[in-house]
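Here, each number is a calculation from the coordinates, and none is a lab measurement. The model shown is predicted, which means the values in this text are computed figures rather than measured ones. In this analysis, Cβ positions are derived from the backbone assuming ideal geometry, glycine residues included, and neighbour counts consider all displayed protein chains.
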Amino acid sequence: MAKIKYHMLVCGGTGCHASKSEEILKNFQDLIKAKGLETEVQVIKTGCFGFCEKGPIVKMMPDNTFYTQVKPEDCAEILEEHIIKGRKVERLLYKDPETGEYKSDSRHMGLYRKQIRIALRNCGFINPENIGEYIARDGYQALGKVLTELTPEATIEILKKSGLRGRGGGGFPTGLKWEITRAVKSDQKYVVCNADEGDPGAFMDRSVLEGDPHSVLEAMAINGYCTGADKGVIYIRAEYPQAVERLKIAMRQAREYGLLGNDILGTGFNFDIEIRYGAGAFVCGEETALIHSMEGLRGEPTVKPPFPSESGFLGKPTNVNNVETYANIPAIILKGAAWYSSIGTEKSKGTKVFALAGKINNVGLIEVPMGITLREIIFEIGGGIKNDRKFKAVQTGGPSGGMLTEKDLDTPIDYDNLIAAGSMMGSGGMIVMDEDDCMVAMAKFYLEFTVEESCGKCSPCRIGNKRLFEMLEKITQGHAVMEDLDKLRNLSNVIKDTSLCGLGQTSPNPVLSSMANFFHEYIEHVSDKKCRAGSCKALMQYIIIPENCIGCTLCARNCPVDAISGERKQAHLIDQDKCIKCGACMEKCKFNAIFIK
Amino acid sequence: MEKIKSLADLKKMQETLRAKIDLREQSNDPGTRIHVKVAMATCGIASGAKEVMEVFIEEFAKRNIDAVVTQTGCMGYCYAEPTVEITKPGYEPITFGYVDVKKASKIIDKYVLNNELVDGIIPVNYETIDNN
């Protein structure tokens, strides 16, 4: 039997499907059969290539030829030229928009440079439970380099020049933070890794810890060397058992290899790490609350200053950095500040990991250079909106962030632009919403989360957020009046201005940004008692259209609360007072006689 | 385990270890073995990656196929978990999505043995820093 020599991958994503990829697939199959090539060429439908703009895509393997905008009538030519004669069909190749050059190999195309994996460089590549694989990929070489070739000052200088900023959300320059901690004199200092990832829909840090735990350990040791600390503590939530397990294995292996402990690499530098568990409180991602929790106290924030760099864990100078920040550091040390700062925008350098979630086709984890647009992330990498619905908004920055809409799709993403657009970078959660999502209900969802997670220490956050939530509840129930909208806005601003820590200062953001972008939806809820997305149940009514109803009684028999009445073969009626809006009647009706108002 | 005493020792060690992952670094060396990587982060395990990994290990042993099965972290294709990346000597790595126990056997029958692809391939859309 002849062995398959060519694979033809035809994109079966929604975008390409819409431009006839199904027909292309069939044409290839027919042609291959006609020419008797079934034993040598195989055609296969794949998932989205993320290059929907130039679809339909056909990719030839093993030579990686990437054909774009293929039409069903091109199939014969591709088969004849590429497979039989071994020549590429130039006119269908991707043409570089800048140089005008044809790119035959997909690996040289701009699109595939849209994702650059630095923090995730080893995720999904190495076995995280085998230190050998990490070492084989330059692991611990950055630590070796700083210990033997660089002074702490020189190392900090590299980080400052690289432009790396805190990836936990605040965006504070990492090198500067290290320099401040270094400058404080103390007999004992600590290095802390903040692995308390709490935004709903965010899982970047967990994935780094599960996929490449050694990169974090190595960077913490480098941090210890630079700031003058010999102890590191990882604060991680107990809900991440897999990450904890992998961290423990990594720490054990690093100790066995002498890469943690005393006299690391024969340089006299001592550094060891321990793990502290959190109980999964959102506020403990705030560094002062995190430190209290590590000390065994209640996870409540305190006013800064003093900053942890001066007085942190057990009253000693403490440098807190986030998981993703750490994961970038070994690569920066080895490849240099100039390399890192060549990626990104003027004020935000390097890459950012985002967790794509919500109504998007390719839910997943991506790492992209700063300065990429939301459009590229959502429609090219993310494969567009699920079920061909219309894009409505995307929430960045989790419950502390805001909603970005159609008008922000082409804004280059960096720390400053997102703030200007009324949201924030946050830790990198990105929740995509479509036309079926009600913006008032979304704001309420986030508020419910902050009310739950508020530590209760300061009254604007404890009481204010609760009141905000109640007002939103009132709006979605259809009991609100127009004055409530003013109150909602005023209270939001008060909470923002007067709360003690970042949690309270940002918690009204989803309300404010949804009001700024979707005020008409608020008004509809209040004055018309209508939810255009159809998601606020209290504002919905299931109605039977008498003309369509034949009186089959199916709906009445399936109603769990006996809200439907009517004689056999007569039009039925739904009692709105009894109806619980479960939708069972509409599901059962075979005559499209029930609709939602 | 002997401790690593210096940067020079670490670099020496890297040289010997590098050979083991060379397969993934440069898949053009035809002399090496088939490598199967199963994404085993929380998301993968929750959707059954452990069972899938067992199928690969057992089937390879049963059919006497010379292959290495390892676990790895999240590949980022959370919508298509469990995901498995297979690198055959001389071929580009291919990532399969939605791999359940049944599909794992199908992949062995079709792709590993006959070089025939199966549905659910995920086009790789990123590059790591090494390729720059």
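Tabulated results
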quantity: At q = 0.17, 0.19, 0.29 Å⁻¹, base-10 log of I(q)/I(0) for the range A:541-596 (Debye sum, equal scatterers on each alpha carbon); calculated: -0.41, -0.51, -1.34
quantity: Mean Cβ neighbour count within 10 Å, used as a protection proxy, ranking A:372-378, A:541-547 highest first; calculated: A:372-378, A:541-547
quantity: Principal axis dimensions, largest first and in whole angstrom, of the protein assembly as shown by Cα; calculated: 89, 77, 52
quantity: Most to least packed among A:256-265, A:72-81, A:431-440, B:76-85 [average Cβ atoms within 10 Å]; calculated: B:76-85, A:431-440, A:256-265, A:72-81
quantity: Cα centroid separation, the range A:442-458 to the range A:471-511 (Å); calculated: 11
quantity: All-pairs alpha carbon distance profile, the range A:312-417, 5 Å steps from 0, percent; calculated: 2, 10, 17, 21, 17, 12, 10, 5, 3, 1, 0
quantity: Cα coordinate range in the range A:402-467, projected on the principal axes (Å, largest first); calculated: 39, 30, 16
quantity: CD proxy at 222 nm, helix term only [per DSSP H run n ≥ 4: -39500 (n - 2.57); per residue of the protein assembly as shown; nearest 500]; calculated: -10000 deg cm²/dmol
quantity: Extension gain, A:Glu40 back to A:Lys335 (0.36 nm per residue minus Cα-Cα distance, nm); calculated: 101.8 nm
quantity: Set of aspartates and glutamates near A:Lys20 by C-alpha distance (under 13 Å), chain-local residues within fewer than 8 positions excluded; calculated: A:Glu73, A:Asp74
quantity: Within the protein assembly as shown, percent of DSSP bridges classed antiparallel, to nearest 5; calculated: 55
quantity: Calculated log₁₀ intensity ratio I(q)/I(0) where the Debye formula runs over C-alpha points of the range A:243-310, q = 0.18, 0.23 Å⁻¹; calculated: -0.82, -0.92
quantity: Exercise: per-residue mean of other protein chain Cβ atoms within 10 Å, A:239-246; calculated: 2
quantity: Peptide A:61-67, shielding by other chains (average Cβ, 10 Å cutoff); calculated: 2
quantity: Calculated FRET value between A:Lys26 and A:Arg375, using beta carbons and R₀ = 25 Å, to 0.05; calculated: 0.20
quantity: Inverse of mean 1/r across different Cα pairs in the range B:7-125, Kirkwood, Å; calculated: 14.8
quantity: Simple label model, 7 Å out from Cα along Cβ direction - A:Glu473 to A:Ser342, nm; calculated: 5.7
quantity: Prolate/oblate/rounded call for the range A:394-525, Cα gyration tensor, a/c under 1.5 rounded; calculated: oblate
quantity: Separation of alpha-carbon centers, the range A:253-277 and the range A:283-308, rounded to whole Å; calculated: 26
quantity: Ordering of A:199-208, B:53-62 by burial proxy (mean other Cβ atoms within 10 Å per residue, highest first); calculated: A:199-208, B:53-62
quantity: At 1.567 mPa s and 4 °C, Stokes D of the range A:174-290 from Kirkwood alpha-carbon radius, µm² per second; calculated: 87
quantity: Residues A:Ala18 and A:Ile84, FRET efficiency given R0 of 35 Å [Cβ-Cβ distance, rounded to 0.05]; calculated: 0.70
quantity: Cβ neighbours within 10 Å from other chains - mean over A:263-276; calculated: 2
quantity: Anchor A:Lys386: aspartates and glutamates whose Cα lies under 13 Å away (excluding residues fewer than 8 positions away in-chain); calculated: A:Asp434, A:Glu435, A:Asp436, A:Asp437
quantity: nm² value of the averaged projected area, convex hull over the Cα atoms of the range A:131-337; calculated: 10.4
quantity: A:Lys590 versus A:Thr151: modelled label distance in nm, points set 7 Å from Cα along the beta carbon direction; calculated: 8.7
quantity: Over 15 Å [Cα-Cα, the range B:90-129], rounded percent; calculated: 43
quantity: Full-stretch length increase - A:Thr302, A:Ile249 - with 0.36 nm per residue and alpha-carbon distance subtracted; calculated: 15.7 nm
quantity: Estimated D of the range A:334-474 in µm² per second, where Rh is the Kirkwood radius over Cα pairs and Stokes-Einstein applies at 37 °C, 0.692 mPa s; calculated: 202
quantity: Flagged links, alpha-carbon separation over 24 Å, of A:Lys177/B:Lys11; A:Lys59/A:Lys390; A:Lys161/A:Lys335; calculated: A:Lys177/B:Lys11; A:Lys59/A:Lys390
quantity: Over chain A, relative contact order from alpha-carbon pairs under 8 Å, at least 6 apart, %; calculated: 11
quantity: Gyration tensor verdict on the range A:128-188 (Cα atoms; rounded if a/c is under 1.5, prolate if a/b is larger than b/c, oblate otherwise); calculated: prolate
quantity: Inter-part distance where the range A:536-550 and the range A:339-414 are each reduced to a Cα centre, Å; calculated: 39
quantity: Unsatisfied cross-links (Cα-Cα over 30 Å) in the set A:Lys474/A:Lys578; A:Lys248/A:Lys349; A:Lys185/B:Lys12; A:Lys581/B:Lys50; A:Lys103/A:Lys352; A:Lys248/A:Lys316; calculated: A:Lys248/A:Lys349; A:Lys185/B:Lys12; A:Lys581/B:Lys50
